[in-house]
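Asker: My structure is below; once you've seen it, I'll send some questions.
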Amino acid sequence: MNNERTIHTASVLASGKVLVTGGYDASSAYLKSAELYDPSTGTWTSTGSMNHVREWQTASVLTNGKVLVAGGSSGSSDYLNGAELYDPSTETWSITGSMSDGRSEHTATILTNGKVLVTGGFGGIAGYYSSAELYDPSTETWTTTVTGGHTGGDFVNSDELYDPSTGIWTTTSSMNDVRFLHTASILTDGKILVTGGSNGMNNYLNTTELYDPLTETWSITGSMNNSRKEHTASILTNGKVLVTGGDGGNGYLNSAELYDPSTETWETISSMNYARLAHTASILVNGKILVTGGYSDTDVLNSTELYNTLSTE
């Protein structure tokens, strides 16, 4: 990449190119720069910069092809409620409606109706949010779906289901392990695989669990070979799940492993060239996985790597 960056976002556009936004660099400067990766040439080019520097933001590709970037942090005590839109046809950014709450480390999910559901996150003095907001691309406005509130001090294993047709949240069964900084991936059979994370300051997990939406229950599945948090998990075209990097407790990892849903087992595969955490992993249109940036020991990385899924099929 043109910039080293970590805690950034990576989004696959309709053109097949990958848009990377924000994060921070080796000098701990927060970034508003953005760049594009072209899989057909294997090259990076700078594109229009965001209006605000951000890390821990979310980036969602809307049904109209634009990219919604929401929230994040621009400093140790500055949590953003602002959002902006990237237009791939002009490579420019425009300000869109703001959220009610400034938040970072939140999630953003594209719903079947095209709206974007943003949940949770951290708001500094406001603490950890339980609130959620909906973005409507047709009006470029946000509405709150759950009355605010926050929680702090405890890591949780609780789970909730959101019904877009009613705008209502309901509690579902809890995971077997308390965890945060984990991953959650929707498998081809509809089940959700949760991997790793931490359940305390110095306790890193290799455990994984499966959520079955039909029964609304969790079950233990095979454990990873390495404990890890702040890693990535990607669904391959063959249905397997590729996990890369992260923090293993005794150091940052360059290791990678594959989960096979048919056997519920993990297999260690070739390692990345660099240990990294807080990186991104994007599934390209050619099926390869593009890993970008992240943090490695004392360095913020601008290096990128490609994983060829053909070797696992």
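Asker: Just for strands (runs of 3 or more DSSP E) wholly inside segment 128-221: which have at least 2 residues that are not assigned by TED's automatic domain parsing to the domain that holds residue 60?
Answerer: By residue number, 159-163, 168-172, 183-186, 192-195, 198-200, 208-212, 217-221.
Asker: Show me the strands (runs of 3 or more DSSP E) entirely contained within segment 1-112 in which 2 or more residues are under 24 Å from residue 127 (Cβ atoms).
Answerer: Here the list reads 67-70, 73-75, 107-110.
Asker: I would also like to ask the following. Is there a residue in segment 248-260 that is at pLDDT below 95, surrounded by 15 or more Cβ atoms within 10 Å (Cβ to Cβ) and not hydroxyl-bearing (Ser, Thr, Tyr)?
Answerer: yes
Asker: For segment 261-287, which residues satisfy the criterion of being surrounded by 16 or more Cβ atoms within 10 Å (Cβ to Cβ) and part of a loop (DSSP other than H, G, I, E, B)?
Answerer: 261, 272, 274, 275, 276, 278, 279, 284
Asker: Here's a follow-up. Restricting the search to segment 45-65, which residues are over 18 Å from the mean Cα position of the chain (by Cα) and within 21 Å of residue 138 (Cβ to Cβ)?
Answerer: Hits for segment 45-65 are 63, 64, 65.
Asker: What do you reckon, is residue 54 in contact with an Asp or Glu (Cβ under 7 Å, 6 or more places away or on another chain), crowded, with 19+ Cβ neighbours inside 10 Å and basic (Lys, Arg)?
Answerer: no
Asker: Out of the residues in segment 93-114 that are closer than 17 Å to residue 9 by Cα and not charged (D, E, K, R), which is surrounded by the fewest Cβ atoms within 10 Å (Cβ to Cβ)?
Answerer: Among residues in segment 93-114 that are closer than 17 Å to residue 9 by Cα and not charged (D, E, K, R), the one surrounded by the fewest Cβ atoms within 10 Å (Cβ to Cβ) is 107.
Asker: Considering (1) within 28 Å of residue 162 (Cβ to Cβ); (2) modelled with pLDDT of 95 or more; (3) within 21 Å of the chain's Cα centre (by Cα), say which one residue 198 fails and leave the rest.
Answerer: Looking at each condition in turn, residue 198 falls short on (2).
Asker: Residues 143, 139, 172: which one is at pLDDT 90 or above, polar (S, T, N, Q) and within 28 Å of residue 215 (Cα to Cα)?
Answerer: Sole residue among the options that is at pLDDT 90 or above, polar (S, T, N, Q) and within 28 Å of residue 215 (Cα to Cα): 172.
Asker: Another one. For segment 86-98, give me the residue count where each residue is of a type in the set (A, V, I, L, M) and farther than 24 Å from residue 29 by Cβ.
Answerer: Total meeting the criteria: 0.
The values are calculated or read from the model by the stated rules, or taken from the named source; none is laboratory data. Remember, predicted model here, so these are calculated numbers, not experimental data. Glycine also receives a Cβ, built like all others from the backbone with ideal geometry; neighbour counts cover every protein chain displayed.
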